[in-house]
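Notes for the one structure printed next.
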Amino acid sequence: MGQVSAPSGHLVRVAIRSPRRLFRDTLAVCLSGQPEFTVVGHVSGDAALLGLCDLCGPDLVVYDAGAGVGEALRALRTLRTRFRRIRLVVIYERLTPADLSGSRQVGVDTLIPCSHGLDALLMLLHQHVDALRSGVAVPAPGGLSTQEREIITLTAAGHPVSRIAE
């Protein structure tokens, strides 16, 4: 089951998943004040997120992975399998090379560290709005090497050169 990307002029439907109530409530209020977005719901767990996606068909999911992305990969894989056109934006505290590789294999569109703050997240979400409205598809995994895709993912998430070099 998938949904059609938001055409020009339409609101981008966003689902938020975070175990941290204050974070998800704050992000929901912040996005609701943005003219491009409508928050279809915000939940604390993976099962509730799947139900929300089944019911509301969001265009974009903001997934708070917390301390590590590795524990979230199974849920993210399920999301990607059931909803191929959803954009997955994952917020994390720590990212290991295995987490980065697993995220790429699952089909996470964007990884962003918590340390970048709300302004960086909003800027990133607006970039996804532009891509959804222009009909830009999620790039196919072919054509670039694994290392090139990892560098692009880290660069897009705003990591400094020293972190990318690691």
Extend 7 Å from the Cα of Glu93 along its Cα-to-C-beta direction; within the stretch 106-126, residues with backbone N under 16 Å of that point are 112-117
With all protein chains in place and a 1.4 Å probe, Tyr92 shows an accessible area in Å² (nearest 10) of 10
So the FRET efficiency between Arg82 and Ile164, C-beta based with R0 = 25 Å and rounded to 0.05, is 0.20
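The values are calculated or read from the model by the stated rules, or taken from the named source; none is laboratory data. What you see is a predicted model; the values in this text were computed from it and never measured. Every residue, glycine among them, receives a Cβ derived from its backbone with ideal geometry; neighbour counts consider all protein chains shown. When the accessible area is computed, the model is the full protein with side chains, heavy atoms only, and any ligands, DNA or RNA have been set aside. Shrake-Rupley method; radii C 1.70, N 1.55, O 1.52, S 1.80 Å.
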